[in-house]
Structures are given as C-alpha cells and as structure tokens.
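Data block below; observations after.
The values are calculated or read from the model by the stated rules, or taken from the named source; none is laboratory data. For clarity, every value in this text was computed on a predicted model and none was experimentally measured. Cβ coordinates were reconstructed from backbone atoms using ideal geometry, including for glycine residues, and neighbour counts include every protein chain displayed. Side chains included, ligands, DNA and RNA excluded: accessible areas come from the protein's heavy atoms. Shrake-Rupley method; radii C 1.70, N 1.55, O 1.52, S 1.80 Å.
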Amino acid sequence: MRVKRVVAAATLAALAGTTAVVLSATPAAAVQGTLPGNTASSWQTNGTVRALAYANGLVYLGGDFTAVRPPGAAPGTSEVARSYLAAFDANTGALVTSFNHSLPAPVYRLAVSPDSATLYAGGDFATVDGVSRARLAAFSTSTGALTSWAPRANRRVNAIVASATTVYLGGSFDTVNGAPAVRAAAVTAAGTGTLRTDFTASATDTVYSMALSKQGDTLYLAGAFTSINGDTSANAAAAVDPVSGALRPFPAGSVIPPKTDACVSQMKSVTTDQTSVYFGAEGTGGGCFDGTFAANVSDGSLKWVSRCLGATQGAEVVNGVLYIG
C-alpha cells in the first residue's frame, strides 16, 4: 500500500540552530536526509517551552521559563519577566505586552477552543495572578483576561483538548473538583467547568496527550498507562467514546510492545487529521519502540509504522506533512 504522507522529524521552535531529519513516506525503507538549522529571528526563553497554541494572530507559549528576551540578545540580557506563560504576534514575532499573567509553577499544556475564543492552560500551578486555579485555567483570547472557568485537579495536568461543549483533561491527577477522575476527565466548557460524571476513562498511569478525531466522535489518549477502565488491551494508546469514555477497538495499538523490565514504550504525543491518528513513542531500554505510527480513524487499523531510536515527544500535521520532534 502506498502511503501518501511525508514524515519529517523536526526540532521544536524553542530549539533554534539544531538539525532535523526527513524520513520518506515509505515505512519499510525510510531514507534519511538533513534539513539545515537556521538562526531564528524570534524571541527566546530562559527555560524549556513545553506547549504552543495559536489563536487570532497570536502564538502562546507555556513551559518552565520565567523570562523571555528579544532576538539577538545574549542569555541573561534584555530579559522581560514572563512566568511560565507568554504570547507573541504571529506575524511580527513581537512580545504581546498586554498578555502578562503571574503563575507560580510550569505550564505543561495549552489548547484553544474550536471558536478560538478561549485559551486553556494546564500544568502544576495553583494560582493565576493570585487567584486560585488548581492546575487549570482559561483566558479570553480577545482580552487576555483570566475567565471564571476553574475546574480543580489535584495533580499535574499534561493534556487538554476541547470541543464546543466539553474540555477533556489528562495527566497524573486522580480527582477533579474533589470527585474521582483517574488521570482522564471531561468537564464542561461553559461556566466554571463542571465535572462530567457520565464520562469515565480511568487510566493506570499518566496520560500525556489527547486528541479528538476531526469528526469529534473519537477521543484518543496517549500515555504511560497499561489499561483503560481495566481493559489491558489499551497499552499506552487508546481510543475511547467521547461521551461515555468507553474503550473502542484500536488494533493499531498492537505495534506497541508490552511493558517489561527491559522495555517500556510510552506514547508521548497524539494528533489527528481528517482520516488518520498519529502517535509518537518514547522507549526506555535498548531497541525499545521510539517511533511513530498512524492508524485509520474509521476503524483503528494500522496504516504505517516508522521505527527509530530516539524519543518522539511531539507531533503535528501541517498541510499534509507530519512533523515530529
């Protein structure tokens, strides 16, 4: 079967000046080449960027940083304080000075609502601008202001994906709003973020990433778990019903090796396009699966596998090309 998709390994935007590897679309015989790394004319951070989101002409960054500096400035010079969250003009690259919030701990995930009106943030923080926000917060993309949406997770939030009515959460938490929600949860997008008790997708270990199918009828989970809702067929990757959380068949997951003392392969990223879902793996142990694979959203069957040695921690589809970091 011919695969009409190019898979490219790309460094994250925060890592300027490094190289990237291009893989051909043929999974059986990938041909590697080199992409040049050029100096970026963008602002830099003094710590790791862990999350990116775009809305209405602005690019939002979240991560471990506490300051940003303009293009060309040496580390430690010309820094502007930004505690774990910042925004930049997508056209000029300029820092958006009006978007400046104080968080006491890192941001691990950013997501935007389907109408681009709301920016969601998740991570380790307990407050925003001194207001209680237990690891979750939302901001208006038109004004930059903190909104009243404020569900409470008792531990880190690693994953957020939003539909028009529901915001799905993943991480290492086991309660949301004080009620049981084991590493995956669904809350309302409206109001303060009420926990949806009809949704249950309990995971045995951390959920690192989530994605909805473009049709909105399947939710994909990527993580370190070895079962969902007690079903051990969901090993590190799973497809669930977005209404109930019930597990759906996902035969493509068979490419992930079972967890052993010698090999632990965790899924660190998942993203979708109109017909496919793509998972990225980070393996621990010699030769353990670190690559990417694609599955059909229609039935969960495997489309292709790209094997590599070196963790895959991020993936995004842009104009028919899958970029992995």
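Taking every alpha carbon pair in the range 56-174, what does the distance histogram look like in 5 angstrom bins from 0, in percent? Per 5 Å bin, starting at 0, the Cα pair percentages come out as 2, 11, 22, 24, 20, 11, 6, 3, 0.
Taking trypsin sites (Lys or Arg not before Pro) across the range 128-203, none is in a DSSP loop with at most 14 further Cβ atoms lying within 10 angstrom of its Cβ.
Computed from label points 7 Å out along Cα-Cβ, the spacing between residue 231 and residue 246 is 0.9 nm.
Taking all protein chains into account, the per residue accessible area for the chain stands at 44 Å² (1.4 Å probe). Along its principal axes, the range 258-325 has C-alpha extents of 37, 25, 15 angstrom, given from the largest down. Computed from point charges on the beta carbon alone (+1 for Lys and Arg, -1 for Asp and Glu), the dipole magnitude for the range 239-294 about its Cα centre is near 80 Debye.
Counting only protein heavy atoms and a probe of 1.4 Å, the accessible surface of the chain is 52% carbon and sulfur.
Straight-distance candidates among the aspartates and glutamates for linking to residue 268, with alpha-carbon spacing under 15 Å and chain neighbours fewer than 8 residues away dropped: 205, 282, 290, 316. Magnitude of the charge dipole for the range 204-273, about its Cα centre and with charges confined to Cβ atoms of Lys, Arg (+1) and Asp, Glu (-1), is about 100 debye.
Given in Å, the Rg to one decimal and the Dmax to the nearest whole number for the Cα atoms of the range 187-236 are 12.3, 36.
Relative contact order of the chain, taken over Cα pairs closer than 8 Å and 6 or more residues apart, is 10 percent. A viscosity of 0.890 mPa s and a temperature of 25 °C, combined with the Kirkwood radius over Cα pairs in Stokes-Einstein, give a translational diffusion coefficient for the range 215-277 of 200 µm²/s. For Cα extents along the principal axes in Å, the candidate list reads (1) 60, 51, 40; (2) 50, 49, 37; (3) 100, 56, 32; the entry that matches the value derived from this model is (2).
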